[in-house]
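Worksheet: one structure, shown below.
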Amino acid sequence: MSVVITGPTDIAMVGLAVMGQNLVLNMADHGFTVACFNRHVEVVDQFVAGPAKGKSIIGTHNLKDMVATLKRPRKVMLLIKAGKPVDSVIGQVLPLLEKGDIIIDGGNSHYPDTTRRYEELKAKGILFVGSGVSGGEEGARYGPSLMPGGSAEAWPEIKPIFQAVAAKADGEPCCDWVGPAGAGHYVKMVHNGIEYGDMQLICESYDLMKRLAGMTDKEISEVMGRWNKGVLDSFLIEITRDILKYDDTDGTPLVEKIMDKAGQKGTGKWTAIDALDKGMPVTLIGEAVFARCLSALKDERIRASKVLTGPAIEPVPKSERSAFIDDLEQALYASKIISYAQGFMLIREAANEFNWKLNFPSIALMWRGGCIIRSVFLGEITKAFRENSDLENLLFHPFFKSAVVQAQAGWRKTVARAVTNGIPTPAYSTALAFYDGYRSERLPANLLQAQRDYFGAHTFQILPECADDKKKPNSNIHINWTGKGGNVSATTYDA
Ligand code: 6PG
């Protein structure tokens, strides 16, 4: 089929997989003219003759023809597999562009790659935007959450398109400028980490209802439906409600036939690794990633289940079911608050480390609608950061502080019940351990420091109120704990 090239077009899209096609259709619906290209050109022809027919969408069979249709500054968006393909397509598009033109990477790229590409393209006078795109197929078609960052000069050029196609929450677009270099993809990475945490918490709730309260999938679905009308109102609770009531052709819940081995493409793992690199206790996402890893050891778990015993489960009596579910709701809500508090701690640390000026209320608003973690709860986070964008931690905000305090009785009962009955709740448990650690003025790290100094002369500092002439505040002290070791500390040695 011959493709007639006309123009001018507002933006070009490279990559016509599910996300690319839907975002192009969404752009066309909002009055933009879009040129598109796909490596396998038959996909272009099928798209143009099919879903794109009659719309302001132009299919092209090569990048040169695609770029030729574009208005200046040219805007070329890539929605292709992250990694090498992105570098390869940038390399092919680059000779066709001129200074001031814009390349946008809308894939799930790892943010250090985005920062590198931003620097490389900046040196060539090309503006580069790394944008988080969330919301899956539906989102791309009818309103995704978009998290763009990179060359700030590109923002006024792409803003009308991005904000028009993005989801709207409380009348505001779920898209704003995130920050320089890889900031957009950084925020998307943390979004995905939080997505892992939210999903794990919901899965633990399901497991507790099933194994402790003996509830059927339909009954659990009803609970999810009720939760979706309260503080937990969110996309992930909503889809869980629907998944649990979905029956296979034999009339039994399909979900119970699914192999319990979790997959992952790596964005949650990136968040956990980044948290470790930055020394930030983002424990819930870490546990959510490890829970997926543990689930993947299915064969080993089958063998272990035959030999490793646990306590006999004491089922929740029917008369206590309602109180049990209320406690569970509180546990889920409180754990979720901890997870988001941890996520924002990580983003704040990244902003400090990379010297990015990030807009916290906008980040919360971008996640409020369109994306996988969208929820009513993110409206409260937006409000909290709008009141005080320098908020040290969400847990210091009166709304979240009192929410956690009120939820903690149910939260503690839930975790205790899970532990006593031998049901794994890594996300619930780690959230509670973080909360108790975070609110502890004194932790046992004093002993840990002593141990380090004892065996490795790693030195310690003295509490200001215990300082004296020999043990001065803020100085690194080494003690000869046994009388046998030397007086040279590891720090002295290093120096
Ligand atoms: C989104 C999602 C998406 C992600 C999938 C799968 O925001 O639309 O985060 O980007 O790729 O949810 O992720 P895993 O395969 O790692 O679970």
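Here's the yes/no breakdown for (1) more than 18 Å from SER234 (Cα to Cα); (2) surrounded by 24 or more Cβ atoms within 10 Å (Cβ to Cβ); (3) within 16 Å of the ligand (Cβ to nearest atom); (4) of a type in the set (D, E, K, R):
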site: PRO156; (1), (2), (3), (4): yes, no, no, no
site: GLN163; (1), (2), (3), (4): yes, no, no, no
site: ALA167; (1), (2), (3), (4): no, no, yes, no
site: GLY179; (1), (2), (3), (4): yes, yes, no, no
site: HIS185; (1), (2), (3), (4): yes, yes, yes, no
site: ILE202; (1), (2), (3), (4): no, no, yes, no
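Considering region 136-154, the residues that are buried (at least 18 other Cβ atoms within 10 Å of the Cβ) and among the hydrophobic types (A, V, I, L, M, F, W, C) include one that is farthest from ILE239 (Cα to Cα), namely ALA154. Kindly indicate which of GLY83, GLY31, GLY15, GLY54 is on the phi > 0 side of the Ramachandran plot, buried (at least 19 other Cβ atoms within 10 Å of the Cβ) and not hydrophobic (A, V, I, L, M, F, W, C). Among GLY83, GLY31, GLY15, GLY54, only GLY15 is on the phi > 0 side of the Ramachandran plot, buried (at least 19 other Cβ atoms within 10 Å of the Cβ) and not hydrophobic (A, V, I, L, M, F, W, C).
Every residue, every condition in (1) in contact (Cβ under 8 Å) with a residue 40 or more places away in the chain; (2) touching a strand residue (DSSP E or B) at 6+ places or on another chain (Cβ under 6 Å); (3) of a type in the set (S, T, N, Q), yes or no:
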site	(1), (2), (3)
VAL34	no, yes, no
ALA52	no, no, no
ILE57	no, yes, no
LYS71	yes, no, no
LEU78	yes, yes, no
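Can you say whether LYS229 is closer than 22 Å to ILE373 by Cβ and in a loop (DSSP other than H, G, I, E, B), as far as the supplied structure shows?
Values: closer than 22 Å to ILE373 by Cβ: yes; in a loop (DSSP other than H, G, I, E, B): yes.
Yes; evaluated as a whole, the condition is true for this residue.
Among the numbered criteria (1) among the small types (Gly, Ala, Ser); (2) outside any helix (DSSP H, G or I); (3) more than 16 Å from the ligand (Cβ to nearest atom), which single criterion is violated by ALA262? For ALA262, the exception is condition (3).
Within region 96-137, count every residue that is of a type outside the set (A, V, I, L, M, F, W, C), away from the ligand (no atom under 16 Å from the Cβ) and within 15 Å of ALA12 (Cβ to Cβ). Break it down into steps so the answer makes sense when it comes.
We begin by selecting, within region 96-137, every residue of a type outside the set (A, V, I, L, M, F, W, C); these are 98-101, 105-120, 122, 124-125, 130-132, 134-137.
With the extra rule that they be away from the ligand (no atom under 16 Å from the Cβ), the set shrinks to 98-101, 112, 115-120, 122, 124-125.
Checking which are within 15 Å of ALA12 (Cβ to Cβ) leaves us with 98, 101.
The qualifying residues number 2.
Looking at region 132-166 only, could you name the residues that are among the β-branched types (Val, Ile, Thr) and either at pLDDT below 95 or not in a strand (DSSP E or B) (or both)? Spell out the reasoning first.
Just the residues of region 132-166 that are among the β-branched types (Val, Ile, Thr), to begin with: 133, 158, 161, 165.
Scanning region 132-166 gives ILE158, ILE161, VAL165.
Answer yes if at least one residue in region 317-334 is farther than 30 Å from PHE360 by Cβ and among the aromatic types (Phe, Trp, Tyr), and no otherwise. Scanning region 317-334, I find at least one residue that is farther than 30 Å from PHE360 by Cβ and among the aromatic types (Phe, Trp, Tyr), so the answer is yes.
Return the residue satisfying two criteria in turn: it lies in region 92-117 and is in contact with a His (Cβ under 6 Å, 6 or more places away or on another chain) and not in a loop (DSSP other than H, G, I, E, B), and of such residues it is surrounded by the most Cβ atoms within 10 Å (Cβ to Cβ). Show your work before the answer.
The initial filter retains those residues of region 92-117 that are in contact with a His (Cβ under 6 Å, 6 or more places away or on another chain), namely 109, 111, 114.
Right, trim to not in a loop (DSSP other than H, G, I, E, B) and you get 111, 114.
On the way: TYR111: 25, THR114: 29.
In this case the residue turns out to be THR114.
Per-residue answers, yes or no, for (1) assigned to a loop (DSSP other than H, G, I, E, B); (2) under 20 Å from GLY136 (Cα atoms); (3) β-branched (Val, Ile, Thr):
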residue	(1), (2), (3)
GLY7	yes, no, no
LEU16	yes, yes, no
LEU23	no, yes, no
PRO51	yes, yes, no
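A residue that is under 21 Å from GLY31 (Cα atoms), part of a helix (DSSP H, G or I) and away from the ligand (no atom under 16 Å from the Cβ) can be found somewhere in region 67-90. Condition check: surrounded by 12 or more Cβ atoms within 10 Å (Cβ to Cβ), aromatic (Phe, Trp, Tyr) and either over 31 Å from the mean Cα position of the chain (by Cα) or more than 30 Å from LEU394 (Cα to Cα) (or both). Does PHE460 satisfy that? Yes, satisfied.
Report the residue count in region 406-436 for those that are out of contact with any helix residue (DSSP H, G or I) (no Cβ under 9 Å at 6 or more places or on another chain) and either part of a helix (DSSP H, G or I) or surrounded by 15 or more Cβ atoms within 10 Å (Cβ to Cβ) (or both). Give the derivation first.
Just the residues of region 406-436 that are out of contact with any helix residue (DSSP H, G or I) (no Cβ under 9 Å at 6 or more places or on another chain), to begin with: 416, 420, 422, 436.
From what is left, the residues that are either part of a helix (DSSP H, G or I) or surrounded by 15 or more Cβ atoms within 10 Å (Cβ to Cβ) (or both) are 416, 420, 436.
Number satisfying all stated conditions: 3.
In the set PRO398, PRO311, only one residue is more than 16 Å from the ligand (Cβ to nearest atom) and within 30 Å of ALA262 (Cα to Cα); that residue is PRO311.
All conditions but one from (1) aliphatic (A, V, I, L, M); (2) crowded, with 23+ Cβ neighbours inside 10 Å; (3) not in a helix (DSSP H, G or I) apply to LEU332; the one that does not is (3).
Only a single criterion out of (1) closer than 23 Å to TYR246 by Cβ; (2) buried (at least 24 other Cβ atoms within 10 Å of the Cβ) is not satisfied by TRP227, namely (2). For region 282-297, a residue qualifies if it is within 15 Å of TYR428 (Cβ to Cβ) and among the charged types (D, E, K, R), and exactly one does: GLU287.
Scanning region 452-493 for residues that are assigned to a helix (DSSP H, G or I), at pLDDT 95 or above and touching a His at 6+ places or on another chain (Cβ under 9 Å) yields ARG452, ASP453. Of the residues making up region 240-255, those that are under 24 Å from ARG368 (Cα atoms) and surrounded by 14 or more Cβ atoms within 10 Å (Cβ to Cβ) are THR240, ARG241, ILE243.
The values are calculated or read from the model by the stated rules, or taken from the named source; none is laboratory data. All figures in this text were calculated on a predicted structure; none of them were measured in a lab. Please note: Cβ atoms are built from the backbone with ideal geometry, for glycine as well, and neighbour counts cover all protein chains shown.
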